[in-house]
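The values are calculated or read from the model by the stated rules, or taken from the named source; none is laboratory data. Bear in mind that the values here come from a model prediction, so they are computed numbers and not experimental data. Methodologically, a virtual Cβ is constructed for each residue, glycine included, from the backbone with ideal geometry; neighbour enumeration extends over all protein chains shown. We work out accessible area using only protein heavy atoms, side chains counted, and drop any ligands, DNA or RNA first. Shrake-Rupley method; radii C 1.70, N 1.55, O 1.52, S 1.80 Å.
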Amino acid sequence: MKNLQLLLLGVIFTGFRNNQLFSLASSCPPVKVSQVLLNRTATDSQYVEYITDIPDLEAFTLSFWVKFLKTGSDAPLFTYVANDADKTHLKASLTEKNKSQFLSLQINDLAIFTAEVHQGISAGEWHHILLSWHGATGTWGAYVDGVLLESGRQLLSQGMLVKGGGRTFSGYDLATTRHDLKNDLANGEDSATTGFSAWVTLLFLDTSAIEQPDSWLNRLAVELVASKCVTEHGGDVIGWQDTPRRGYGGVLEATVQDLCQGRAKS
């Protein structure tokens, strides 16, 4: 497995290497970090785009912190759409049905997983979400606040490739717009169809996957990521500190004074 590098605040988790945690320290002083506010109205939605070159993805790990202003509506947490004739896309979403919440991942028209969030994601608290998918084996894992929700294998996704060269967003479900995406992407004529109201921070996307998401060592490592606060991430595709962002619809960027203090307890 490639190194999946995560630099924690105080608890420094420098990666997974052959499923072994190889650097760990323990302290969690207060930290200031930038955050973006996305807000959904009756007629429009705010969203943020990560400005970077996206490679072909044979595997990935997506991690971020989110604090909802309100829950209850479908939330397109992360969306990727490629500028190709096949309309390649990837979507991570949080949905709510009959007072139950579900975290899901979809690649193109294939549902990789839908996992119930038993502990719940509440408004007004920071929650950590981490998703991983390994295309060679179809293995996936979903974690919320350091707890493994579910893991498994989507055999139909074995050998699947997410074509690169597209655009990535938080708060924008571009994959639901059935327009000529090539024209839209070229001319910037996107219009947000759905969104959510929340603060988002410390998002990273890495080309490595957690190949054994239910192993005790990997579960411990993700728990440490969620229990401590991070100033940097090691995402080799998107890193919160290093990747430029562009807001649409009046996105507000501010500083969270102490992410540790406001996080949800797992």
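Has region 171-187 got at least one residue that is modelled with pLDDT of 90 or more and in a strand (DSSP E or B)? No, every residue in region 171-187 fails to be modelled with pLDDT of 90 or more and in a strand (DSSP E or B). You will find that of 77, 110, 69, the residue that is within 15 Å of the chain's Cα centre (by Cα) and farther than 16 Å from residue 149 by Cα is 77 and no other. Please enumerate the residues belonging to region 127-156 that are in contact with a Leu (Cβ under 8 Å, 6 or more places away or on another chain) and either closer than 28 Å to residue 198 by Cα or crowded, with 23+ Cβ neighbours inside 10 Å (or both). Matches in region 127-156: 129, 130, 131, 132, 133, 140, 141, 142, 143, 144, 146, 149. Out of curiosity, is residue 61 modelled with pLDDT of 70 or more, surrounded by 20 or more Cβ atoms within 10 Å (Cβ to Cβ) and in contact with a helix residue (DSSP H, G or I) (Cβ under 6 Å, 6 or more places away or on another chain)? No, not satisfied.
The residue that is least open to solvent (accessible area, probe 1.4 Å), among those in region 66-122 that are β-branched (Val, Ile, Thr) and touching an Asp or Glu at 6+ places or on another chain (Cβ under 7 Å), is 79.
Of the residues making up region 138-148, at least one is β-branched (Val, Ile, Thr), over 16 Å from residue 58 (Cβ atoms) and touching a Ser or Thr at 6+ places or on another chain (Cβ under 7 Å).
Would it be correct to say that residue 204 is closer than 25 Å to residue 152 by Cβ, aromatic (Phe, Trp, Tyr) and at pLDDT 90 or above? The answer is yes for residue 204.
When you look at residue 70, is it among the charged types (D, E, K, R) and at positive phi, yes or no? So residue 70 does not fit the description; no.
Checked against the criterion of being outside any strand (DSSP E or B), modelled with pLDDT under 90 and either under 29 Å from residue 255 (Cα atoms) or under 18 Å from the mean Cα position of the chain (by Cα) (or both), region 135-149 contains not a single residue that satisfies it. For region 233-243, state whether one or more residues are more than 17 Å from residue 140 (Cα to Cα), over 14 Å from the mean Cα position of the chain (by Cα), modelled with pLDDT under 85 and in a strand (DSSP E or B). Among the residues of region 233-243, not one is more than 17 Å from residue 140 (Cα to Cα), over 14 Å from the mean Cα position of the chain (by Cα), modelled with pLDDT under 85 and in a strand (DSSP E or B), which makes the answer no.
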